[in-house]
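Please read the structure below before turning to the comments.
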Amino acid sequence: MKNKIDRRKEDHLRINLEEDVNSAISNGLERYYFEHQALPELDLKQIDTSLKLFGKSQKAPIFISSMIGGTKETLVINEKLASVAQSFGIGMGVGSQRIGLEEERKMAFFDIRKYAPDIILMANIGAVQLNYSISPDDCKAIVESIGADALILHLNPLQEALQSEGDTNFSGLQKKIAEVCHRVPVPVVIKEVGWGISLATAKKLVESGVAVIDVAGAGGTSWSEVEKNRMEDEVYRNIASSFRDWGISTAQSIIDVREACPELPIFASGGLRSGVDVAKCIALGACNCGFAGMFLRAASISEARLIDKINEIIIGLRISMFVAGAPNISSLQKTPLGKR
């Protein structure tokens with residue numbers, strides 16, 4: 001018999017694949033542009049997209065963002081995602097592992113390390129669960145269960161508020177995040193789920209000792225729209241609809257977080273669609289860029305479609321770097337952007 005979490009995960013997968021759940025606002029990147037270099041003095045073949053994170057090398061500054069997991073159906077998709085991530089030398093985050101802590105046998109549905117032995121793999125659980133009996137030892141357990149290189153704690157207050165079964169006690173959470181940061185033996189990544197991280201929130205997170213902030217800004221999947229598609233009550237559907245244009249754009253969130261913590265690594269995600277978007281995010285201050293819905297839809301069609309999509313993004317990034325005059329990621333991070 002399926003429990004509430006099983007049904008919710010199945011709903012989320014189905015809705016993301018079948019419905020239009022995009023935010024009503026853009027990722028903000030269209031406002032920025034590179035100064036075109038007609039004489040770049042570079043060889044396109046020698047453009048270097050590699051970087052180092054968490055003591056590992058990654059061949060390109062993109063990763064598969066946390067999305068799904070915990071069921072047989074999602075394991076099949078995650079195995080495909082992990083295998084392709086391994087072939088490209090890029091990172092991946094798994095979906096929330098809370099269900100594996102509640103039902104131990106379901107932790108096996110997140111076990112994808114054998115398909116991706118060398119990638120940066122990130123465990124994941126909702127930060128608010130630290131107020132609902134999840135402990136730092138539990139966080140250690142989910143990291144160990146998949147051989148993860150980092151732990152993602154995701155923040156999703158709006159999504160929880162819109163769920164009839166949502167966990168909405170976010171009080172005192174900063175102190176508990178700090179405890180996890182000090183007790184878990186891998187770097188802790190804090191991410192939003194699609195509404196962005198503000199400058200004020202970033203400052204709190206730095207005080208807590210987080211290693212990375214993933215801005216996960218507005219411009220891509222709107223989880224208020226996802227939750228709306230799960231609702232039967234018209235009043236609550238209307239409430240969810242009113243949040244379709246909520247959030248801080250991905251571009252603005254990168255700028256705000258970079259101002260709040262100049263030295264902290266930033267991941268960019270939220271509505272990225274191309275290699276040009278990746279290049280802009282890195283020039284704005286990010287070091288790694290996440291894709292979720294686009295890769296999920298591609299993987300649901302075929303592994304070949306997913307490979308084509310990732311290849312398209314990496315080629316677009318390389319060409320962007322070439323005509324922006326940036327031979328490597330470090331140089332790209334120092335390349336100024338104009339604003340329209």
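Quick look at the numbers
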quantity: More than 29 angstrom apart: percent of Cα pairs within the chain; calculated: 34
quantity: The stretch 110-174 and the stretch 288-332: distance between their alpha carbon centers, rounded to Å; calculated: 26
quantity: Percent of C-alpha pairs per 10 Å bin, the stretch 174-322, short to long; calculated: 11, 33, 33, 20, 3, 0
quantity: Fewest-first sequence of Thr168, Thr49 by Cβ atoms within 10 Å of each Cβ; calculated: Thr168, Thr49
quantity: Spatially close lysines, pair count over the stretch 160-262: Cα under 20 Å, gap of eight or more or interchain; calculated: 8
quantity: Among Gly270, Tyr33, Met231 the positive-end extreme of the charge dipole of the stretch 4-339 (Cβ point charges); calculated: Tyr33
quantity: Ser331/Ser274 FRET efficiency (R0 22 Å; Cβ-Cβ; nearest 0.05); calculated: 0.65
quantity: Sequence of His154, His182 once ranked by neighbouring C-beta atoms within 10 Å, starting from the fewest; calculated: His182, His154
quantity: Sequence-separation-based contact order of the stretch 115-175, relative, with Cα cut under 8 Å and 6+ spacing, percent; calculated: 42
quantity: Equivalent ellipsoid, the stretch 289-337 (semi-axes from 5 times Cα gyration tensor eigenvalues, Å); calculated: 27, 11, 7
quantity: Rounded Å value of the spacing that divides the Cα centres of the stretch 220-279 and the stretch 21-100; calculated: 17
quantity: Charge dipole (the stretch 111-230, unit charges on Cβ, about Cα centre) - positive-most of Leu205, Ser164, Ala150; calculated: Leu205
quantity: Antiparallel DSSP beta bridges within the chain, as percent of all bridges there, nearest 5; calculated: 20
quantity: Partners for Lys45 among lysines (Cα-Cα distance below 28 Å; same-chain residues under 8 apart left out); calculated: Lys56, Lys59, Lys280, Lys309, Lys334
quantity: Which of Asp118, Asp256 has the fewest Cβ neighbours within 10 Å, and the rest in rising order; calculated: Asp118, Asp256
quantity: Lys, Arg +1 and Asp, Glu -1 on Cβ, resulting dipole of the chain about Cα centre, debye, nearest 20; calculated: 440
quantity: Under the span-like rule (Cα at least 27 Å along the axis, Kyte-Doolittle mean at least -1.0), DSSP H helices of the chain; calculated: 303-324
quantity: Simple spin-label estimate for Arg14 and Glu73 in nanometres, 7 Å along Cα-Cβ; calculated: 0.6
quantity: Segment Ala200-Ile307, length gained on full extension (0.36 nm per residue, minus Cα span); calculated: 34.7 nm
quantity: Loop-resident sites, the stretch 210-288, for GluC sites (Glu not before Pro), counting at most 13 other Cβ within 10 Å (DSSP); calculated: Glu232, Glu263
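Read-outs: derived from the displayed coordinates by stated rules, not from any lab. From a predicted model like this one, the values you see are computed outputs, not experimental measurements. A quick note on method: Cβ atoms are made from the backbone with ideal geometry, for glycine too, and the neighbour counts reach across all protein chains shown.
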